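Colleague: Pasting a structure below so you can have a look.
The values are calculated or read from the model by the stated rules, or taken from the named source; none is laboratory data. This one's a predicted model, so the numbers in the text were calculated from it and none came from an experiment. For neighbour counting, all protein chains shown are included, and Cβ atoms are generated from backbone atoms with ideal geometry for every residue, glycine included. Heads up: the accessible areas ignore ligands, DNA and RNA and are worked out on the full protein's heavy atoms, side chains in. Shrake-Rupley method; radii C 1.70, N 1.55, O 1.52, S 1.80 Å.
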Amino acid sequence: VAALVALSFSGAIGLTFLMLGCALEYYGVYWPLFVLIFYFICPIPHFIAKRVGDDSDAASSACRELAYFFTTGIVVSAFGLPIILARVEAIKWGACGLVLAGNAVIFLTILGFFLVFGRGDDFSWEQW
């Protein structure tokens, strides 16, 4: 239960950074909210690989490696979008920094969720 509370708290902190990068009067544009799409699609390759891949204890499989590749592309894109938006002056660099901090916290929260609840024991995310 403590892990779930910690993950919820860190997710709230990450979303707070993202909202501050958008809603502060000095920044005032909401283009960085498009990184929410990356937050939602980030776990999808893992879910597909877990469903399609075999359950053997092999060190690696092609399906799992492809899922890691796509997930890495999604995460890099989420970090690249605010940098590109700041580079073309659609957002300010301060907003970019807040969004990047929020990205780091959110993606570490997603990683923590899979590390804590993805073991396949009695209390896992598969039951939810």
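Colleague: Is it the case that Val35 is under 15 Å from Val105 (Cα atoms) and hydrophobic (A, V, I, L, M, F, W, C)?
Modeller: It is true that Val35 is under 15 Å from Val105 (Cα atoms) and hydrophobic (A, V, I, L, M, F, W, C).
Colleague: For segment 90-110, enumerate the residues that are touching a residue at least 60 places away in the same chain (Cβ under 8 Å), open to solvent by 50 Å² or more (accessible area, probe 1.4 Å) and in a helix (DSSP H, G or I).
Modeller: Leu108
Colleague: Still on this structure, I have one more. With a cut-off of at least 2 residues that are at pLDDT below 90, name the helices (runs of 4 or more DSSP H) lying wholly within segment 2-89.
Modeller: Answer list for segment 2-89: 2-23, 44-52, 62-87.
Colleague: Which residues, taken from segment 3-23, are closer than 23 Å to Cys96 by Cα and hydrophobic (A, V, I, L, M, F, W, C)?
Modeller: Phe9, Ala12, Ile13, Leu15, Phe17, Leu18, Met19, Leu20, Cys22, Ala23
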